[in-house]
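Asker: Have a look at the structure that comes next, please.
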Amino acid sequence: MFSPVVNTSIVKRAQEQDLVRITTVDLRDFAHDAHKTVDDYPYGGGPGMVLKPEPVFEAVDWVRQDLGREPFVVLLTPQGQTLSSGLAKELAQKPDLVLIAGHYEGFDERIRCLAHMELSIGDYVLTGGELAA
């Protein structure tokens, strides 16, 4: 899903010039059941499916170890701070960004403790946070 977007046009040129490095992390690599399940019913009940916290915690820990430092973690949520050009410039100054994208109903609330901020791209209805990422 991400490859066609990050490997074309301006983003591709930025990577070729070593201005940015984009790495995607498959949460299924951090799932421990036979089916590599990364979603479940919300803890405490509720509609739909949400990202389970365990694979997300392990994936962020893996990124920390890979980088050797603490990345700036952003949750992509509808209720987050709305993205603006000023905020984009501010985020561009961060040495490392981790974008956590929920799907359908979002993510387990326990994941919020990982984030330095929550970000929204605006008042849009999307099937998942991957599109915003």
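Asker: Given all pairs of different Cα atoms, what value in angstroms does the Kirkwood hydrodynamic radius of the chain take?
Answerer: Across the chain, the inverse of the average 1/r is 15.9 Å.
Asker: Ok, one more. Please rank 107, 57, fewest neighbouring Cβ atoms within 10 Å first, as an exposure proxy.
Answerer: So the ranking, lowest neighbour count to highest, is 57, 107.
Asker: Where in segment 78-93 is the amide nitrogen less than 15 Å from a point lying 7 Å along the Cα-to-Cβ axis of residue 5?
Answerer: 78, 83
Asker: Got a sec? Charge dipole of segment 24-120, +1 on Cβ for Lys and Arg, -1 for Asp and Glu; which of 78, 41, 24 is way out at the positive end?
Answerer: Farthest towards the positive pole: 78.
Asker: Roughly how many whole Å is it from the C-alpha centroid of segment 3-72 to that of segment 73-90?
Answerer: Rounded to whole Å, the Cα centres lie 17 Å apart.
Asker: Right, next: Which lysines, if any, have their Cα less than 23 Å from the Cα of residue 36, not counting same-chain residues under 8 positions apart?
Answerer: Hits, sequence-local ones excluded: 52.
Asker: Calculated FRET efficiency, residue 34 and residue 110, Cβ-Cβ r, R0 25 Å, to nearest 0.05?
Answerer: 0.60
Asker: Along the Cα→Cβ direction, 7 angstrom out, place labels at residue 43 and residue 82. What is the inter-label distance in nm?
Answerer: Simple spin-label model gives 3.2 nm for this pair.
Asker: Take every DSSP beta bridge whose two residues both sit in the chain, then give the antiparallel share in percent to the nearest 5.
Answerer: On the way: 4 of 15 bridges.
Antiparallel bridges: around 25 percent, rounded to the nearest 5.
Asker: Just from its helices, what would the mean residue ellipticity at 222 nm be for the chain, if runs of 4 or more DSSP H residues each count -39500 (n - 2.57) and the sum is divided by every residue, rounded to the nearest 500 deg cm²/dmol?
Answerer: Only helices count here, giving -7500 deg cm²/dmol.
Asker: Full extension from residue 92 to residue 19: what is 0.36 nm times the residue separation minus their Cα-Cα distance, to one decimal in nm? It would help to have the intermediate numbers written out before the result.
Answerer: On the way: separation 73, 0.36 × 73 = 26.28 nm, distance 1.05 nm.
Between residue 92 and residue 19, full extension yields an extra 25.2 nm.
Asker: Sticking with this one: Sort 117, 49 so the one with the fewest other Cβ atoms within 10 Å of its own Cβ comes first.
Answerer: Listed from fewest to most nearby Cβ atoms, that is 117, 49.
Asker: Charges on Cβ only, +1 for Lys and Arg, -1 for Asp and Glu, centred on the Cα centroid of the chain; of 8, 65, 119, which one is farthest towards the dipole's positive end?
Answerer: 8
Asker: Hey, another quick one. In debye, nearest 20, what is the charge dipole magnitude of the chain about its Cα centre with +1 on Lys and Arg Cβ and -1 on Asp and Glu Cβ, if you could check?
Answerer: Magnitude of the dipole: close to 420 debye.
Asker: Going out from 0 in 5 Å bins, what whole percent of all Cα-Cα distances in segment 13-55 drops into each bin?
Answerer: With a bin width of 5 Å, the distribution comes to 5, 20, 17, 14, 11, 9, 11, 8, 4, 1.
Asker: Using a Förster distance of 22 Å, how high is the FRET efficiency between residue 58 and residue 117, based on the Cβ-Cβ distance and rounded to 0.05?
Answerer: According to the calculation, E is roughly 0.55.
Asker: For segment 24-120, what is the relative contact order in percent, using Cα pairs closer than 8 Å and at least 6 residues apart in sequence?
Answerer: 34
Since every read-out is calculated from the coordinates, none of them should be taken as a lab result. Quick caveat: nothing in here was measured; it's all calculated off a predicted structure. Note that each Cβ is placed from the backbone with ideal geometry, even for glycine, and that neighbours are counted across all protein chains shown.
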